[in-house]
Amino acid sequence: MRSSLNNPFSPGSDIVPEVWAGRSEQLSDWRDVVRPRRIVGLPERGRTILGEPGLGKSSLVRRIAQTAAAHGDWVTPQLRIPSGADPLKLVAEAILRLAETAGLSSKPANEIAAALARVRAVAAAGISLTLQGAEGPDPYRALTDLLIEVGRAAIRRGDVVALIHIDEVQNITDEHALSQLLIALGDALTHEIEVEVPGGNRVLRSLPIAVYLTGLPDFEDMTGARKGATFARRFKTTTLTAIDEEELAEALQGFVLAGRSIAVPDGGIERVRMDPAAAAAIVDLCRGEPFLFQLAGEQAWYAGTGPLITEEQVLAGWRSASREAGAHVERILNRLPEREKQFLEAMAELPPKERTLTRIAADAGFAKATDAGPTAQRLDTVRGIISRGKPYAFRHRAVEAYLTSEWPDAPAGSPGGR
């Protein structure tokens, strides 16, 4: 009955899983703020979604893109920026596809033809076009001009937004390429055109263009140091943290109450239910991590074949997945600077009520508490791993569990320390 062909859980990266959990704030932000304001011509900043690996940044925006496409919006593919790649070339290719969707490639107008030709050159040469000093506008200006034409076409079409999603933005290490890309996107977001409204009056309106950037927290350092206030005015940054247990439980409630319909080989439909204790075990084991939530569900599904997923099957499946879960958290810790790792390890050694900056700094080897302040601030506001309350606390619950207990090796709730 349960098999690899009907497993609804998907722990792979960049996947929009069938069993969706949380992120209601970001989803409603698109539905209730970004899209409606852009449609009617009101200004609205682009969105930057950052977070540590496994928090579902790309999946979140891919789900937003799916929703947009279902409304008839013009959506680029997920533009993943590989390390060392020229982002201008990738974005230029995507904007050309948007222009084709908008019907601009068949327009005879000289200005549009010139913009298309210039962006085709950018798609071929990228940032090197600037370095070569080629004739015509810089790549960023060419991208902006064509985006503006796409926005005009969207206005003519009506009730359409052009949505651009650029992923792995922390891989844009060329300062010139990053600057040109952010300026091009930001200029398109803030560009206003004059339109006629009922009564014959003419007013200014923003273009129906939305931009989402996703990546690791390191990107905030890059934009803060190099772009400063201009970037902040044009993009609103959200750092994702763990999903609340209530939202995770809600995602599994359909399994618990009515069960999930699946097709069986004989052509019929069967239902797979989940014991309440099994659902609670998945919520507890994943510690708010979307990747681990999908991993725990996937392995629980494979741990049996019948119509009921039990707590025993969840734990059995988790035992086969625990090594991958531990490696996931280790990768997060290993990419941190040494001072940040030391801070977290010292914080984990203290009882929760004694996790003050003074105690943590002393145990981590800082000369004085104020020396640890910037490290604590980064772990809070940039990485979203801790909360600088009174006392300090972990926001990244998987990191906390890894550093303070036998998780993921033993079932959740077991005593013992690492």
Here are ARG355, ARG359: which of them is in contact with a Pro (Cβ under 6 Å, 6 or more places away or on another chain), closer than 22 Å to SER405 by Cβ and either touching a residue at least 40 places away in the same chain (Cβ under 8 Å) or crowded, with 16+ Cβ neighbours inside 10 Å (or both)? ARG355
Options LEU96, LEU79, LEU104: the member that is farther than 18 Å from ILE166 by Cα, out of contact with any Pro (no Cβ under 7 Å at 6 or more places or on another chain) and not small (Gly, Ala, Ser): LEU104
Of the residues in segment 337-352 that are in a helix (DSSP H, G or I) and without any contact (Cβ under 8 Å) to a residue 24 or more places away in the chain, the one that is surrounded by the fewest Cβ atoms within 10 Å (Cβ to Cβ) is GLU338
Test: residue in segment 26-38 that is open to solvent by 40 Å² or more (accessible area, probe 1.4 Å) and aliphatic (A, V, I, L, M): yes
If I ask for residues that are open to solvent by less than 30 Å² (accessible area, probe 1.4 Å) and without any contact (Cβ under 8 Å) to a residue 12 or more places away in the chain, which ones from segment 143-157 would you list? none
For GLU340, indicate whether it is in contact with a Ser or Thr (Cβ under 9 Å, 6 or more places away or on another chain) and of a type in the set (Asp, Glu). yes
Please note which helices (runs of 4 or more DSSP H) are completely contained in segment 136-228 and include at least 3 residues that are of a type outside the set (D, E, K, R) and over 20 Å from the mean Cα position of the chain (by Cα). 139-157, 175-190
Answer yes or no: is there a residue in segment 398-410 that is part of a helix (DSSP H, G or I), modelled with pLDDT of 95 or more and either over 21 Å from ALA281 (Cα atoms) or touching a Pro at 6+ places or on another chain (Cβ under 8 Å) (or both). yes
So is ALA115 open to solvent by less than 40 Å² (accessible area, probe 1.4 Å), more than 22 Å from the chain's Cα centre (by Cα) and closer than 30 Å to THR173 by Cα or not? yes
Of all residues in segment 316-336, how many are assigned to a helix (DSSP H, G or I) and either among the polar types (S, T, N, Q) or surrounded by 18 or more Cβ atoms within 10 Å (Cβ to Cβ) (or both)? 10
Would segment 278-291 turn up any residue that is surrounded by fewer than 21 Cβ atoms within 10 Å (Cβ to Cβ) and among the β-branched types (Val, Ile, Thr)? no
If the requirement is being among the hydrophobic types (A, V, I, L, M, F, W, C), open to solvent by 40 Å² or more (accessible area, probe 1.4 Å), within 27 Å of the chain's Cα centre (by Cα) and modelled with pLDDT of 80 or more, which of these qualifies: ALA94, ALA69? ALA69
Report yes if GLN78 is touching a His at 6+ places or on another chain (Cβ under 7 Å) and either modelled with pLDDT under 95 or surrounded by fewer than 17 Cβ atoms within 10 Å (Cβ to Cβ) (or both), otherwise no. yes
Could you list all residues from segment 362-393 that are surrounded by fewer than 19 Cβ atoms within 10 Å (Cβ to Cβ), in a helix (DSSP H, G or I) and hydroxyl-bearing (Ser, Thr, Tyr)? THR370, THR381
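The values are calculated or read from the model by the stated rules, or taken from the named source; none is laboratory data. Everything quoted here is computed from the prediction, not taken from an experiment. Neighbour counts run over all protein chains shown; Cβ positions are idealised from the backbone, glycine included. For the accessible areas, the whole protein counts, side chains as well, though only heavy atoms, and no ligand, DNA or RNA atoms are used. Shrake-Rupley method; radii C 1.70, N 1.55, O 1.52, S 1.80 Å.
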